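The values are calculated or read from the model by the stated rules, or taken from the named source; none is laboratory data. Please read these numbers as outputs of a predicted model, since none were measured by experiment. Using ideal geometry, Cβ is built from the backbone for each residue, glycine included, and neighbour counts are taken over all protein chains shown. When the accessible area is computed, the model is the full protein with side chains, heavy atoms only, and any ligands, DNA or RNA have been set aside. Shrake-Rupley method; radii C 1.70, N 1.55, O 1.52, S 1.80 Å.
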Amino acid sequence: MRLSAYPIVNLKEIPTEAEVISHQLMLRAGMIRRLSAGLYSWMPMGLKVLRNVENIVREEMNRAGAFELLMPTIQPSELWVESKRWDEFGPELLRLKDRHDRSYVYGPTHEEVITDIARRELRSYKQLPVNFYQIQLKFRDEVRPRFGVMRAREFIMKDAYSFHADEASLDEGYTLMHDAYHRIFTRCGLKFRAVQADTGSIGGTGSQEFHVLASSGEDAIAFSDGDEYAANLEMAEAKPPATVRALPAAVMTRVSTPKAHTIADLVTQLKVSAAQCVKTLIVEGSDGQLVGLVVRGDHELNAIKAQKLPGIANPLQMASPERIRTQLNAEVGSIGPVGLPCTLYVDHAAAALSDFVAGANEPEYHVTGVNWGRDLPDPVSVDIRNVVEGDPSPSGCGTLSIARGIEVGHIFKLGRKYAQALGATVLDESSSQVTMFMGCYGIGVTRVVAAAIEQNHDEAGIIWPDAIAPFKVLLVPMNWHKSERIREVTNRLYDELCAAGLEPLLDDRDARPGVKFADGELYGIPHRIVIGERGLDAGQLEYRHRRATETEVAPLEGLVDFLRERMKLSQSA
Ligand code: ATP
Ligand code: MG
């Protein structure tokens, strides 16, 4: 491509709504343009990147034996009534009416449509397993569309759905997708982790999210330094401490703690560490009673773990100060487990404490030297906290680190949920009707582009991984407009690179070299070649990788081989 003819407009002023770097850079480099909240047009250079991602996804899905199809974006409401999601799906679902007053939705996902196809097309176990996928627009009326294409309202998803005669076959199909996702994100040149995810309201038996690691990610991920273990922070199990609880050494003492309402206040007033204190949170039980949850002062309650415990309302609901006052005769800010008239669940780490500090259930007072089994009953010890950096990995190997990630893919064993609701059955070997098992597998294709930028950029702009770069090589000729010789050599190199499939972008504009370098850096073209008169005298060109700080000499003859070598190097980096 010759830049002088390429329809690309840099933006000098970054709109204030662009909070994250990928959104800013995509606007500055003219890759996308905003039409309305959460709606973006993909301009030619942006679309090239998007297509590169799509092609990798398509190749790997085909390789894994999935079949591409295409379903309508607009779906009749009847199917959603059948699956019950017409009522269950919140305001994210865009509902429409046609001229005959019939109801439709703009698909946020396609389980209903594909299950309808399956119940019509699939009759026998002999047609199974089968996996159908599409790469297509979705619409979700997000509460807060933001971060550009990262959380848009309209976006492109690759969604796949597999159908199986039994659970063992679903497990196999799921593993195939897991492996395909590994290849896809590896080929895209991204650093990522497959993490165990919560299966949420669908239930289901297995679910993993694929996260691109980036400091700006919305999700916290816990991963082991000892093996492949990784999980969403909410999901990661906190093991009980390996050591036994020490014997009581102190006498329980009621101490005055004026205005100490937080753990931080206690730490300063009593000169104890937060890890020696406990916090007691009061939540609604499932039977109208209140339940106390005790965690160590330096730990955070994990709502997802807590709401799964018997007798606790799901979703977790904090009790109001009023309810705590009337039911427990205690004040928020002074609650502690000693003598508290309600069921208590105690986190493993808090249950391992001796001689600890807790609220005295009396304003402005705490108790020190508290011991389980002596001053209050032995604790019901459970896992109800978030893991922290340095905790032992639940896999039994290594310790945990916490990183931030952007969810770019999600694989999910749906089981029979949709097949049951829509009556999708096949005849098995003994000619009886069996309900099919299903898996679903999504990739946020447009989000992958933004996530790649979040992970790969510097002050000057984007740094594309080779595989998804819109152009792989930037050719910058010096004195293009003045020197016949430069034009001749550059045109020859350009043709050679095109023929070799190296996708060059030739900056043939009448602009200063500084401008050309800066734009090339903003656009993130990974390999740059400068063609200058002096170098040509010696048969030499100048090469620089987008990440490098120094330039190197590249040969005029054999440039294609030289670049191929560099591309191999940057792939393995
Ligand atoms: P999130 O938790 O980010 O809202 P989700 O769990 O609702 O996503 P899924 O239903 O699992 O999303 O959809 C599959 C993939 O589609 C996600 O892994 C993500 O990459 C992408 N995706 C979901 N919502 C959006 C959005 N609003 N904009 C862009 N991509 C999205
Ligand atoms: Mg998800």
Which one of Thr115, Leu93, Phe147 has its Cα pushed farthest toward the positive end of the charge dipole of the stretch 65-161, where Lys and Arg give +1 and Asp and Glu give -1 at the Cβ?
-> Phe147
When DSSP beta bridges are limited to those with both residues in the stretch 52-174, what percentage is antiparallel, rounded to the nearest 5?
-> 90 percent
The stretch 437-545: GluC sites (Glu not before Pro) falling in loop per DSSP and having at most 12 other Cβ within 10 Å = Glu459
Glu142 label point, 7 Å along Cα→Cβ, cut-off 16 Å on backbone N: hits in the stretch 30-52?
-> 32-42
For the stretch 483-530, with +1 on Lys and Arg beta carbons and -1 on Asp and Glu, the positive-most of Ile525, Val515, Val489 along the dipole | Val515
When only Cα pairs under 8 Å and 6 or more residues apart are kept, what is the percent relative contact order across the stretch 443-511?
-> 29 percent
Any idea how far apart Met318 and His182 come out in nm if each label point goes 7 Å out from Cα toward Cβ?
-> 4.2 nm
Report the relative contact order of the stretch 512-557, percent, no decimals, based on alpha-carbon pairs under 8 angstrom and at least 6 residues apart.
-> 30 percent
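At R0 = 35 Å, how high is the FRET efficiency between Val244 and Ile402 if r is their beta carbon distance? Nearest 0.05 is fine. Kindly include the intermediate steps, with their values, before the conclusion.
Numbers: r = 28 Å, r/R0 = 0.79.
Efficiency, rounded to the nearest 0.05: 0.80.
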Size of the chain as Cα extents on the principal axes (Å, biggest first) | 93, 68, 47
With everything on Cα atoms, drop me the angle between helix 445-455 and the longest principal axis of the chain, reported from 0 to 90° to the nearest 10.
-> 90 degrees
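Under unit Cβ charges (Lys, Arg +1; Asp, Glu -1), what dipole magnitude, rounded to 20 debye, does the stretch 89-204 have relative to its Cα centre? Intermediate results must be reported in sequence, preceding the final value.
Numbers: 19 positive and 17 negative charges, 117 e Å.
Once rounded to the nearest 20, the dipole reads 560 debye.
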Probe 1.4 Å, accessible area per residue of the chain, Å² = 45 Å²
With the full set of protein chains in place, find how many percent of the accessible area of the stretch 1-135 is carbon and sulfur; take the probe as 1.4 Å.
-> 53 percent
Could you list which residues have their amide H under 5 Å from that of Tyr365, counting only those 5 or more apart in sequence or on another chain, with H placed in the peptide plane?
-> Thr257, Ala360
Which ³J(HN,Hα) values, rounded to whole Hz and listed in residue order, are derived for the stretch 280-291 from phi using the Karplus coefficients 6.51, -1.76 and 1.60 in 6.51 cos²θ - 1.76 cosθ + 1.60 with θ = phi - 60°, glycine and proline given as x?
-> 10, 10, 9, 10, 6, x, 7, 10, x, 8, 9, 10
For Val473 the rounded accessible area (nearest 10 Å², probe 1.4 Å, non-protein molecules ignored) is 0 Å²
What do you reckon, how do Ile74, Ile531 stack up by accessible area (1.4 Å probe), largest on top?
-> Ile74, Ile531
Tilt relative to the chain, helix 513-523 - C-alpha long axis, 0 to 90 degrees, to 10 = 40 degrees
Just how much of Cys440 is accessible, in Å², when a 1.4 Å probe is used and the result is rounded to the nearest 10?
-> 20 Å²
Mind jotting down the distance between the C-alpha centroids of the stretch 450-515 and the stretch 16-56, whole Å?
-> 20 Å
Report, in degrees rounded to the nearest 10, the 0 to 90 angle that the Cα long axis of helix 559-572 makes with the longest principal axis of the chain.
-> 0 degrees
Listed pairs Lys138/Lys516; Lys84/Lys308; Lys305/Lys417; Lys516/Lys568; Lys191/Lys413 exceeding 31 Å between Cα atoms | Lys138/Lys516
If unit charges are put on Cβ atoms (+1 for Lys and Arg, -1 for Asp and Glu) and the dipole of the chain is taken about its Cα centre, the option from Pro337, Ile263, Ala246 lying farthest towards the positive end turns out to be Ile263
Applying the Karplus parametrisation 6.51 cos²θ - 1.76 cosθ + 1.60 with θ = phi - 60° to the phi angles of the stretch 343-350, what ³J(HN,Hα) value in whole Hz is obtained for each residue in order, glycine and proline being reported as x?
-> 4, 10, 10, 10, 5, 3, 5, 6
Let me have the relative contact order for the chain, percent, based on Cα pairs under 8 Å that are six or more residues apart.
-> 17 percent
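Compute, for the chain, the length of the dipole vector about the Cα centre, with Cβ point charges of +1 (Lys, Arg) and -1 (Asp, Glu) only. Units Debye, rounded to 20.
960 debye
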How much accessible surface area, in Å² rounded to 10, belongs to the heavy atoms of Trp42 with a 1.4 Å probe?
-> 60 Å²
Sort Thr490, Thr368, Thr549, Thr343 from largest to smallest accessible area, using a 1.4 Å probe on the heavy atoms of the protein chains.
-> Thr549, Thr343, Thr368, Thr490
Run a plain Debye calculation on the stretch 296-360 (Cα atoms as equal point scatterers, no solvent) and give log10 I(q)/I(0) at q = 0.23 Å⁻¹, rounded to two decimals, same order as the q list.
-> -1.30
What length, rounded to one decimal in nm, is gained on full extension from Asn479 through to Ser286, with 0.36 nm per residue of separation minus their alpha-carbon distance?
-> 61.8 nm
Kirkwood hydrodynamic radius of the stretch 1-141 from all distinct Cα pairs, in Å?
-> 18.5 Å
quick shape note, the stretch 78-157: Cα extents on principal axes in Å, largest first -> 46, 32, 23
